[in-house]
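Worksheet for the structure shown next.
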Amino acid sequence: MARRHERVSASIRPPVRSWGRPASLVALALLPVVVLGCFFVLPVSGMVARGFWPDGELDAGAVLDVLTRARTGQVVWFTVWTAAVATLVAVLLGLPAAYALHRLDFPLRRAVRAALLVPFVLPTVVVGVAFRQLLGEAGPLGFLGLDGTPVAIVAGLVFFNAAVVIRAVGASWESLDARPAEAAAALGATPLQVLRTVTLPALRPAIVSAASVVFLFCATSFGVVLTLGGTEYSSVETEIYLLTTNFLDLPGAAALSIVQLVAVVSLLAVAARLRATPDPTVVRVPPRPRRPGRGDLPAAAMTGLLLVLVAAPVVTLVLGSLRVDDAWSLANYRALDSVGEQQALVVPVTEALVTSLRTAVDATWISLLLGLLVALAVTRRSRSRSERRIRGVLDGFFMLPLGVSAATLGFGFLITLDRPPLDLRDSALLVPVAQALVALPLVVRTLVPVLDGIDDRQRQAAASLGAGPLRTLLTVDAPVLWRPLLAAAGFAFAASLGEFGATAFLARDESATLPVVIFRLIGRPGEMNFGMALAASVVLAATTALVMLVVERLRVPSLGAL
């Protein structure tokens, strides 16, 4: 009996030592912190320092002078009102679609959901080209005269972000208990009263959180505003780009970067708090989707309208790529292996596509490695208030790349990573690292909810049975994590494939990625160049759409937690 007791006692590991948890936290967070410190904090702070200390001495007056310019006020106001209007329209269009696609069961529901998700990962340059093709003088809606107007920019932002509302709110709507609404209806409430008094209050945290994220994406949009607005209409993001590239006005760019950074950090804090405080009275019971009834016709009609609005620019883009001299032709696609009219490019579009794919693969594995370590670090159960605060600070720290200007990041790379010990001007990893930082928040926000949902007692039980940290990870976490990990890889790959803001600064002519090549083609004269830009946009859009269809097949609920 005594020997048996000894064997049982030996099979149970002693309690974890007091330094064991801090040591594991440091081990998990060390590499991401070092990478983010070198490739995010250093470039961004270098960019800001170059503006505040232009000659090695503090010159805050120059920055304040920039903030009081009439042009700065116009840019900030344009950014705020276009982002606000686009957010409002995206929410109004996205809510009915979120309901129809997550609470109703109808044929092709999954295909419609995938189609409405695709715009979110389409390269911003492609979206800009598609809207120019739709609203231009020769486009189907050219008679409206909207090309190059703020309305076109808002339409592009809505096209891009309605998917965020569908995903974020749809995930909450899908698991909302239907019984309170049924009880209200049984007591005589009309469908509109049920929606206003029961459903919308229960969804309020998800709606407000989605709206804050959409506003953030709209306010920091780069490719859509630059392609559709040019130099006439500038947001803060594009103004930073124009000040640094066209006017070499570093104090002005630094001042706007500070304004944007403060606004983004505030918005991220609000969004994080809204995500962390769900309504405790809401019971999450995933019901089965039901067949649509007559009362669902308005939601179905709005979903159909949104599908048409999303499809119109894409269809126009595809048709435009097949038209040459008023005839159907594949000449634009055959020209992709050339450098364009009047030597518009240094390398053919096909070579740029290979470069984009290779760069996206590198960016994907980098963002996955960092994102997995970050997710593991911030989701382990905290046993003290200080430990909880440290994990909270780390979570917020790794979300910062989500809102910082990609143009600021790219330009910061150029001016800070050009001397020892970080002389990376000729490194092939410079662009992949920048793209990985842009994709990192998406990976983290995909994995964190999944890891948070695993009962920590399973890990404790595995440890008490003798499993080490690695074996516990493989036996408890890995079986739940592999599908979200694949989905996160798809998101990171698609986001990297279409990244334009930072890459526009870093990519050299001989190693340009496809979005950079498309932007250069539409900026050069010649019908052949514009036709090639359309064909290249279709190829890039088809590639990202294929990736997102694979992601949609995985059906990871946490993808709505952005």
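The values are calculated or read from the model by the stated rules, or taken from the named source; none is laboratory data. Since this is a predicted model, take the numbers as computed values, not measurements. Please note: Cβ atoms are built from the backbone with ideal geometry, for glycine as well, and neighbour counts cover all protein chains shown. Surface areas here come from the heavy atoms of the whole protein model, side chains and all, with no ligands, DNA or RNA. Shrake-Rupley method; radii C 1.70, N 1.55, O 1.52, S 1.80 Å.
Yes or no, residue by residue, for (1) of a type outside the set (Asp, Glu); (2) out of contact with any helix residue (DSSP H, G or I) (no Cβ under 8 Å at 6 or more places or on another chain):
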| site | (1), (2) |
| --- | --- |
| Ala312 | yes, no |
| Leu330 | yes, yes |
| Gln343 | yes, yes |
| Thr350 | yes, no |
| Arg358 | yes, yes |
| Asp362 | no, no |
| Arg380 | yes, no |
| Glu387 | no, no |
| Arg391 | yes, no |
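In summary, helices (runs of 4 or more DSSP H) completely within region 455-562 and bearing 3 or more residues that are surrounded by 18 or more Cβ atoms within 10 Å (Cβ to Cβ) and either modelled with pLDDT of 80 or more or touching a Ser or Thr at 6+ places or on another chain (Cβ under 8 Å) (or both) occur at 478-498, 501-506, 514-522, 527-554. Counting only helices (runs of 4 or more DSSP H) that sit wholly inside region 141-214, those with at least 1 residues that are on the phi < 0 side of the Ramachandran plot and within 31 Å of the chain's Cα centre (by Cα) are 150-174. Every condition in (1) closer than 25 Å to Met399 by Cα; (2) touching a residue at least 40 places away in the same chain (Cβ under 8 Å); (3) not basic (Lys, Arg) is met by Trp482 except one, and the failing one is (2). When region 332-383 is filtered for residues that are part of a helix (DSSP H, G or I) and touching a Pro at 6+ places or on another chain (Cβ under 7 Å), the ones remaining, listed by number, are Leu336, Asp337, Thr359, Asp362, Ala363, Ile366, Leu370, Leu373, Val374. Residues considered: Ile522, Ile518. Of these, the only one that is under 17 Å from Ala406 (Cβ atoms) and touching a residue at least 60 places away in the same chain (Cβ under 8 Å) is Ile518. One residue stands out among those in region 9-68 that are among the aromatic types (Phe, Trp, Tyr) and part of a helix (DSSP H, G or I): the one that is modelled with the lowest pLDDT, which is Phe52. Scanning region 215-238 for residues that are within 19 Å of Leu122 (Cα to Cα) and not in a helix (DSSP H, G or I) gives Thr220, Ser221, Phe222.
With respect to (1) touching a residue at least 24 places away in the same chain (Cβ under 8 Å); (2) open to solvent by less than 60 Å² (accessible area, probe 1.4 Å), the lone exception for Ala189 is condition (1). Selection within region 209-232: residues that are closer than 16 Å to Ile166 by Cβ and among the aliphatic types (A, V, I, L, M). The member of this set that is most open to solvent (accessible area, probe 1.4 Å) is Ala211. Per the conditions (1) assigned to a helix (DSSP H, G or I); (2) over 26 Å from the mean Cα position of the chain (by Cα); (3) surrounded by 15 or more Cβ atoms within 10 Å (Cβ to Cβ); (4) not basic (Lys, Arg), the sole criterion not satisfied by Pro292 is (1).
Screening region 404-429 for residues that are crowded, with 17+ Cβ neighbours inside 10 Å and among the polar types (S, T, N, Q) and picking the one that is nearest to the chain's Cα centre (by Cα) gives Ser405.
Considered as a group, the residues in region 404-429 that are of a type outside the set (A, V, I, L, M, F, W, C) and either touching a Lys or Arg at 6+ places or on another chain (Cβ under 8 Å) or in a loop (DSSP other than H, G, I, E, B) (or both) include one that is modelled with the highest pLDDT, and that residue is Ser427. Mind checking whether some residue in region 95-113 is within 22 Å of Leu256 (Cβ to Cβ), assigned to a helix (DSSP H, G or I) and of a type in the set (Val, Ile, Thr)? The answer is no; no qualifying residue exists.
When Ile166 is tested against (1) more than 19 Å from Thr303 (Cβ to Cβ); (2) touching a Lys or Arg at 6+ places or on another chain (Cβ under 8 Å), exactly one condition is not met: (1). Out of the residues in region 89-104 that are under 17 Å from Cys218 (Cα atoms) and touching a residue at least 40 places away in the same chain (Cβ under 8 Å), which is most open to solvent (accessible area, probe 1.4 Å)? Filtering region 89-104 for residues that are under 17 Å from Cys218 (Cα atoms) and touching a residue at least 40 places away in the same chain (Cβ under 8 Å), the one most open to solvent (accessible area, probe 1.4 Å) comes out as Val89. As for region 230-246, it holds at least one residue that is modelled with pLDDT under 80 and at positive phi. Scanning region 430-453 for residues that are part of a helix (DSSP H, G or I) and open to solvent by 40 Å² or more (accessible area, probe 1.4 Å) returns Val438, Pro449, Asp452. Selection of region 376-403 for residues being open to solvent by 40 Å² or more (accessible area, probe 1.4 Å), within 26 Å of Ala478 (Cα to Cα) and of a type in the set (Lys, Arg) yields Arg380, Arg381, Arg383, Arg388. Out of Leu373, Leu353, Leu357, Leu369, I need the residue that is open to solvent by 20 Å² or more (accessible area, probe 1.4 Å), under 20 Å from the mean Cα position of the chain (by Cα), modelled with pLDDT of 80 or more and over 22 Å from Leu36 (Cα atoms). Which one? Among Leu373, Leu353, Leu357, Leu369, only Leu357 is open to solvent by 20 Å² or more (accessible area, probe 1.4 Å), under 20 Å from the mean Cα position of the chain (by Cα), modelled with pLDDT of 80 or more and over 22 Å from Leu36 (Cα atoms). Note on region 55-88: residues that are more than 30 Å from Ile207 (Cβ to Cβ) and either surrounded by 14 or more Cβ atoms within 10 Å (Cβ to Cβ) or in contact with a Gly (Cβ under 6 Å, 6 or more places away or on another chain) (or both) amount to 7.
Of all residues in region 520-533, none satisfies being farther than 19 Å from Arg132 by Cβ and out of contact with any strand residue (DSSP E or B) (no Cβ under 6 Å at 6 or more places or on another chain).
With (1) under 17 Å from Val75 (Cβ atoms); (2) open to solvent by 20 Å² or more (accessible area, probe 1.4 Å) as the list, and Thr244 as the residue in question, which single condition is left unmet? Failing condition for Thr244: (2).
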